[in-house]
Amino acid sequence: MDRIGSPAFRQWVFAWALARRNRRYEQFAANYKERLFTNLSGVVLEIGPGTGANLRYFTQPGIRWMGVEPTRSMEPYLEKEAKRLGMQIDLRTGLAHPWPVEDQQCR
């Protein structure tokens with residue numbers, strides 16, 4: 001484990017807290033997210049997917065999920081949620097710009 005106060009430690013604490021304390025917001029937003037994401041198909045590119053709270057909305061056939069997450073501490077939570085949902089995910093670590101995705105991959 002990194003030293004307390006280091007950026008890596010703070011990111012780990014943030015990911016841990018987000019995974020455990022975001023339930024209230026997700027309950028509030030669930031109806032809105034369902035309406036927003038219901039008719040999507042093709043490649044979904046999610047920027048900053050965090051702990052994977054939105055993955056459950058992308059389980060229908062015809063969706064290929066890709067995510068760009070800048071915080072490596074979020075990866076175990078994303079992978080655990082994807083496994084729980086039986087999803088294959090394409091997770092990239094990095095910033096949204098420059099894109100870690102080729103131009104044609106999202107079409």
(request) Could you list all residues from the range 43-57 that are within 15 Å of M87 (Cα to Cα), in contact (Cβ under 8 Å) with a residue 24 or more places away in the chain and not aliphatic (A, V, I, L, M)? (result) P49, T51, G52, R56, Y57
(message) Against the definition (within 29 Å of I4 (Cβ to Cβ) and in a helix (DSSP H, G or I)), how does Y32 come out, yes or no?
(response) no
(message) I'd like the residue in the range 13-30 that is of a type outside the set (A, V, I, L, M, F, W, C) and in contact (Cβ under 8 Å) with a residue 24 or more places away in the chain and, out of all such residues, is surrounded by the most Cβ atoms within 10 Å (Cβ to Cβ).
(response) N22
(request) Would you be able to say whether some residue in the range 92-101 is at pLDDT below 95, of a type in the set (V, I, T), farther than 16 Å from L18 by Cβ and under 13 Å from the mean Cα position of the chain (by Cα)? (result) yes
(message) I'd like to check something: does the range 39-62 contain any residue that is surrounded by 14 or more Cβ atoms within 10 Å (Cβ to Cβ), closer than 23 Å to P7 by Cβ, in contact with a Pro (Cβ under 6 Å, 6 or more places away or on another chain) and not β-branched (V, I, T)?
(response) no
(request) Tell me, yes or no, whether the range 54-76 has at least one residue that is assigned to a helix (DSSP H, G or I), among the basic types (K, R), over 21 Å from R10 (Cα atoms) and out of contact with any Asp or Glu (no Cβ under 9 Å at 6 or more places or on another chain). (result) no
(message) So if I check each of A19, A8, which one is among the small types (G, A, S) and under 16 Å from the mean Cα position of the chain (by Cα)?
(response) A19
(message) Can you tell me which of (1) over 19 Å from E75 (Cα atoms); (2) modelled with pLDDT of 75 or more is the one W12 doesn't meet?
(response) (1)
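The values are calculated or read from the model by the stated rules, or taken from the named source; none is laboratory data. All values derive from a computational prediction rather than experimental measurement. Positions of Cβ are backbone-derived with ideal geometry, glycine not excepted, and every protein chain shown enters the neighbour counts.
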